[in-house]
Amino acid sequence: MRREEVENPFMPNALRNLHFVADAMLGRLARWLRFLGFDTLYYPDISDSRLIRVAREQDRLILTRDTRLIKIKGVKDYLLIKANDSYNQLVEVIDTLKLKEFNPLSRCVECNGLLKKILDKIEIQDFVPEFVSLNFNVFLKCSDCGKIYWEGTHPKKFREKLGEVLK
Ligand SMILES: [Zn+2]
């Protein structure tokens with residue numbers, strides 16, 4: 001990961017206009033998109049009507065695997081996802097929307113909140129394992145749920161996969 005991406009957790013302009021809401025079947029995809037910096041709402045047990053309303057009110061693109069949902073009256077902006085596997089779903093979204101700008105580690109994968117850089121390591125020392133506070137210097141904290149992130153938060157396998165996607 002490039003250093004400036006870690007140091008500047010705020011969104012570049014191009015990403016500000018793209019907002020998603022993922023259907024109940026796309027939880028893992030939602031996490032991937034958040035990790036890449038995309039504003040992605042996801043509620044595991046959202047009803048179709050609420051999903052449609054949230055999309056309309058907040059001007060969000062619906063990500064769905066549900067061919068029935070897209071036929072419901074009032075559904076306009078959607079992307080019907082065909083892949084089964086979350087990684088391939090992500091590739092599908094990136095290819096279809098021709099996404100080129102990513103901002104990893106700017107959003108919380110758990111809750112979609114924005115991450116803020118921690119300026120003083122002392123702030124997080126009590127909240128991460130000791131080896132982490134000793135071995136890492138850049139920390140980010142979710143402004144909504146408080147989850148703390150550092151360069152090694154995501155397992156190696158995840159980062160390798162991500163490297164393939166961003167290639
Ligand atoms: Zn969070």
Legend entry - Straight-distance crosslink candidates among lysines, where the alpha carbon sits under 27 Å from LYS116 and sequence neighbours closer than 8 are dropped: LYS100, LYS141, LYS147, LYS156, LYS157, LYS161, LYS167
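Kindly rank 20-28, 66-74 from highest to lowest mean number of other beta carbons found within 10 Å of each residue.
Output ranking for 20-28, 66-74: 20-28, 66-74.
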Inset, instruction - Quick one: which residues, 5 or more positions from ASN103 or on another chain, have an amide H under 5 Å from its amide H? H modelled 1.01 Å from N in the peptide plane, none for Pro or chain starts. - result: GLY37
Legend entry - Distance between modelled label sites at SER47 and LYS161, nm, 7 Å Cα→Cβ extension: 3.3
Legend entry - Proximal charge balance of LEU29 [Cβ under 15 Å; K/R count +1, D/E count -1]: +1
Legend entry - Amide H contacts under 5 Å for HIS19, placed H, 5+ residues apart: LEU61
Inset, instruction - Would you please give the residues with an amide H less than 5 Å from that of LEU79, counting only those at least 5 places away or on a separate chain, with H modeled from the backbone geometry? - result: ILE62, LEU63, THR64
Inset, instruction - Obtain the nm distance between the two label points defined at GLU123 and ASN88 by a simple spin-label model: each point lies 7 Å from its Cα along the Cα-to-C-beta direction. - result: 4.2
Legend entry - Phi-based couplings in Hz for segment 113-122 (Karplus 6.51, -1.76, 1.60; Gly and Pro marked x): x, 7, 8, 10, 6, 8, 7, 10, 4, 4
Inset, instruction - Can you quote the Å³ per residue value for the convex hull of the Cα atoms in the chain, rounded to an integer? - result: 120
Legend entry - Where labels lie 7 Å past Cα in the beta-carbon direction, separation of ILE70 and ASP95 in nm: 1.5
Inset, instruction - Beta carbons within 10 angstrom, averaged per residue: use that to sort the peptides 44-51, 108-115, highest first. - result: 108-115, 44-51
Inset, instruction - Starting at the first residue of segment 84-92, write each ³J(HN,Hα) from the Karplus equation 6.51 cos²θ - 1.76 cosθ + 1.60 with θ = phi - 60°, in whole Hz, x for Gly and Pro. - result: 8, 8, 4, 5, 5, 5, 5, 4, 4
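Read-outs: derived from the displayed coordinates by stated rules, not from any lab. Please read these numbers as outputs of a predicted model, since none were measured by experiment. Backbone-built Cβ (ideal geometry, glycine too); neighbour counts: all protein chains shown.
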